[in-house]
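Inspection log for the structure reproduced underneath, given as structure tokens.
The values are calculated or read from the model by the stated rules, or taken from the named source; none is laboratory data. On a predicted model such as this, the values are computed, not experimentally measured, just so you know. Here the Cβ positions follow ideal geometry from the backbone for every residue, glycine too, while neighbour counts run over all protein chains shown.
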Amino acid sequence: MTKTEAFKKFNIKLRNTRWSWSGISADRKHVASTIWMDEFRVDDGVYKTKVTEEWNYDWRLDKGNLDRIEHFKHCRDELNSMFWVVFVKPRQIIFNQPREAESHRPFTKMMFKLTSFDENTGLFTSESVKETVGKYKEFF
């Protein structure tokens with residue numbers, strides 16, 4: 001599935017199909033963000049994500065990150081830190097240059113919640129919220 005198709009599952013039109021990492025719905029009720037498949041682990045059925053500084057190239061000034069910072073600010077301030085996820089499968093695991101996606105998959109099973117967020121750098125952690133199972137059908 002393409003990134004554009006994945007975000008449409010959350011009624012989100014990306015600002016730019018090439019460099020957007022996240023998006024917000026026109027009614028501003030939903031935020032969705034990409035998370036790479038190697039940036040999460042599952043503990044007792046809870047998906048836990050962590051975007052860290054271990055990357056060797058400076059992605060903090062990328063347009064995609066700057067937009068995602070704004071989207072996560074809205075998410076934190078207006079949506080109780082809740083957001084949807086589009087999982088991204090990388091073509092290869094690399095940390096010293098921008099990555100390429102092999103595929104995108106909207107995660108409609110449940111929502112995620114920011115557990116930490118640095119609005120200066122865009123670094124964040126999040127985890128899935130079991131109480132939101134089934135919300136996708138309610139909203140979309």
| task | Being surrounded by fewer than 19 Cβ atoms within 10 Å (Cβ to Cβ) and in a loop (DSSP other than H, G, I, E, B) narrows it down to one of ASP38, ASP77, ASP27, so name that one. | result | ASP27
| said: Kindly evaluate LEU61 against the criterion of being of a type in the set (A, V, I, L, M), surrounded by fewer than 20 Cβ atoms within 10 Å (Cβ to Cβ) and at pLDDT below 85. | reply: yes
| task | Of the conditions (1) more than 12 Å from PRO106 (Cα to Cα); (2) in contact (Cβ under 8 Å) with a residue 40 or more places away in the chain, ARG18 clears all except one; give me its number. | result | (2)
| request: Considering every residue within the range 113-126, establish whether at least one is touching a residue at least 40 places away in the same chain (Cβ under 8 Å), under 17 Å from ILE12 (Cα atoms) and in contact with a helix residue (DSSP H, G or I) (Cβ under 7 Å, 6 or more places away or on another chain). | output: no
| query | So which residues in the range 1-15 are over 13 Å from the mean Cα position of the chain (by Cα), modelled with pLDDT of 95 or more and closer than 19 Å to LYS109 by Cβ? | reply | GLU5, LYS8, LYS9, ASN11
| Out of the residues in the range 21-45 that are modelled with pLDDT of 95 or more and within 16 Å of ASP62 (Cα to Cα), which is nearest to the chain's Cα centre (by Cα)? | SER33
| query | How about the range 87-135: which of its residues are modelled with pLDDT of 95 or more, under 14 Å from VAL31 (Cβ atoms) and among the hydroxyl-bearing types (Ser, Thr, Tyr)? | reply | THR132
